[in-house]
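Trainee: Below are the structure tokens for one structure; questions will follow.
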Amino acid sequence: MRKRIYFILIILALAFLLFIIFSIVPEFFGAGIVSYKKREVIKEMIKKVVEHKLPPLDTVLYDKKMLVLANNPVPKVVVPKVPKTVKKVKAGKTAVSAVLPAPEPVPTPSPALKPTLWPVKTMYPLAGAILPFSRIVAYYGNLYSKGMGVLGQYSTDEMLSQLDVEVKKWKLADPSTPVIPALHYITVVAQGNAGADGKYRSRMPYSEIDKVLEIAKKVNAILFLDVQVGFSTLENELPLLEKYLKLPQVHLGIDPEFSMKGTIRPGKIVGTYDASDINYAIDFLAKIVKDNNLTPKILVVHRYTEKMVTNYKNIKPVPEVEVVMNMDGWGVKAKKLNTYKEFVYKQPVQFTGFKLFYKNDVLTPGTVLFTPEELLKLNPRPIYIQYQ
């Protein structure tokens, strides 16, 4: 009897679902074969009816992780020296000295430290945020070029194998922070030639982006699409990438070095982005997140000079977008540390990144790359690591 009741309930539920579909797309029932367009309509209906609900953001853990990333100096406690007390005691006719225990010293804090710049006080991200709960370790480059980074320098299997080695190093160095592998693909490449429209940039074909997506899937990596606009603008370039940025595993990188505001072509001088440019990218990503019910996007902004980013205080992170200021300079360790201190530490936005160059960082004889253990000593600790 119970089985019959359950069977009847299932039939009624299916009939109700068919009625809903018929009410919205009645033409669906008039075709023998379901077209691609109709299948997409049905997928959208199901998506709206059955949404995956994420647990709410753990704000306590978020604050704790942000404080750990800040890696602020621990205040020193000064313990004053207290002399022992000596009292003379007569025993018969002979005077002796008895040592009494010294009173407990009272610790006093050292002089007040300067106010800390980190962690940055911004609004909490939406549920499902990657940062600061996980660290991202990315391989950078372009499939067409061996000179632009490791993505194009090695075969796919060899490149992914090397990436895995770096991921394991970071897991070992900081076991408390999970590591997510990433590919950082230069999708719009600044170039020395003007091109047909005079914008001095080349857009990679969608077929190449599709290739990188498939490569990333092999190791469950996320993907960053990097944009070097030349004489174009983010307003012209980002909409062309929207179909990819709608994917939950795809994020964005923008490079001020190749954003030319004057008349000198890319590569001759270092370009620049103002906070208004960066805020455009933030708003663009935020709208995608809202419209498609996605978890927060990550925006990586490269930087290694003062003028590459202007009016940094006006950059406004939002719950839908997490902003990483990525130290992009190359050279010996002392030079890179100074760049990080001057243009990342002193001008806080939200999160920080650190770029390592397999070739350019070791041009000086005797120099080696930073190890994860060394970078974890920085104030603040970078949560995004990029290898070129």
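Trainee: If you check every pair at least six apart or on different chains, which have Cβ atoms under 7 Å apart with a residue in the stretch 228-242 that is surrounded by fewer than 21 Cβ atoms within 10 Å (Cβ to Cβ) first and a residue that is in a helix (DSSP H, G or I) second?
Mentor: Leu234/Asp277; Leu234/Tyr280; Leu234/Ala281; Glu235/Tyr280; Glu242/Ile288
Trainee: If you check Tyr340 against the conditions, is it touching a strand residue (DSSP E or B) at 6+ places or on another chain (Cβ under 8 Å) and either at pLDDT below 95 or farther than 19 Å from Val120 by Cβ (or both)?
Mentor: No.
Trainee: Any residue at all in the stretch 323-340 that's surrounded by 19 or more Cβ atoms within 10 Å (Cβ to Cβ), touching a residue at least 60 places away in the same chain (Cβ under 8 Å) and out of contact with any Ser or Thr (no Cβ under 9 Å at 6 or more places or on another chain)?
Mentor: no
Trainee: Any idea which residue in the stretch 130-146 is farthest from Leu294 (Cα to Cα), counting only those that are part of a loop (DSSP other than H, G, I, E, B) and in contact with a helix residue (DSSP H, G or I) (Cβ under 8 Å, 6 or more places away or on another chain)?
Mentor: As a first pass, look at the stretch 130-146 and keep what is part of a loop (DSSP other than H, G, I, E, B): 130-134, 143-144, 146.
The next check asks that each one be in contact with a helix residue (DSSP H, G or I) (Cβ under 8 Å, 6 or more places away or on another chain); those that pass are 132-133, 143-144, 146.
Values: Pro132: 18, Phe133: 17, Leu143: 28, Tyr144: 31, Lys146: 34 Å.
Of everything passing the filter in the stretch 130-146, Lys146 is farthest from Leu294 (Cα to Cα).
Trainee: Within the stretch 288-317, which residues are in a helix (DSSP H, G or I) and within 17 Å of Leu225 (Cα to Cα)? Don't jump to the end; show me each part of the working.
Mentor: Here is the first cut: in the stretch 288-317, the residues in a helix (DSSP H, G or I) are 288-292, 312-314.
Ile288, Val289, listed by residue number.
Trainee: What number of residues within the stretch 284-339 are charged (D, E, K, R) and closer than 30 Å to Leu54 by Cα?
Mentor: Total meeting the criteria: 7.
Trainee: So which of Gly331, Gly366 ends up being assigned to a loop (DSSP other than H, G, I, E, B) and modelled with pLDDT of 95 or more?
Mentor: Details: Gly366 fails: modelled with pLDDT of 95 or more.
Only one candidate qualifies: Gly331.
Rundown of residues vs (1) touching an Asp or Glu at 6+ places or on another chain (Cβ under 6 Å); (2) surrounded by 16 or more Cβ atoms within 10 Å (Cβ to Cβ); (3) not aliphatic (A, V, I, L, M), yes/no style:
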| position | (1), (2), (3) |
| --- | --- |
| Leu160 | no, yes, no |
| Asp164 | no, no, yes |
| Leu172 | no, no, no |
| Pro175 | no, no, yes |
| Asn193 | no, no, yes |
| Ala196 | no, no, no |
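Trainee: Counting residues that are aromatic (Phe, Trp, Tyr) and within 16 Å of Leu299 (Cβ to Cβ), which helices (runs of 4 or more DSSP H) fully inside the stretch 168-280 reach at least 1? Spell out how you get there, then give the answer.
Mentor: Numbers: elements: 206-218, 234-237, 242-245.
Where helices (runs of 4 or more DSSP H) fall fully within the stretch 168-280 and carry at least 1 residues being aromatic (Phe, Trp, Tyr) and within 16 Å of Leu299 (Cβ to Cβ), they are 242-245.
Trainee: Let me ask something else about it. Pairs please, first residue from the stretch 201-224 and over 22 Å from Pro256 (Cβ atoms), second anywhere and among the β-branched types (Val, Ile, Thr) and in a loop (DSSP other than H, G, I, E, B), Cβ atoms under 9 Å, 6+ apart in sequence or on different chains.
Mentor: Ile222/Ile130
Trainee: Considering only the stretch 266-293, state which residues are surrounded by fewer than 20 Cβ atoms within 10 Å (Cβ to Cβ) and touching a residue at least 60 places away in the same chain (Cβ under 8 Å).
Mentor: Gly267, Asn293
The values are calculated or read from the model by the stated rules, or taken from the named source; none is laboratory data. Just so we're clear, the structure is a prediction, and the values are computed from it rather than from any experiment. Please note: Cβ atoms are built from the backbone with ideal geometry, for glycine as well, and neighbour counts cover all protein chains shown.
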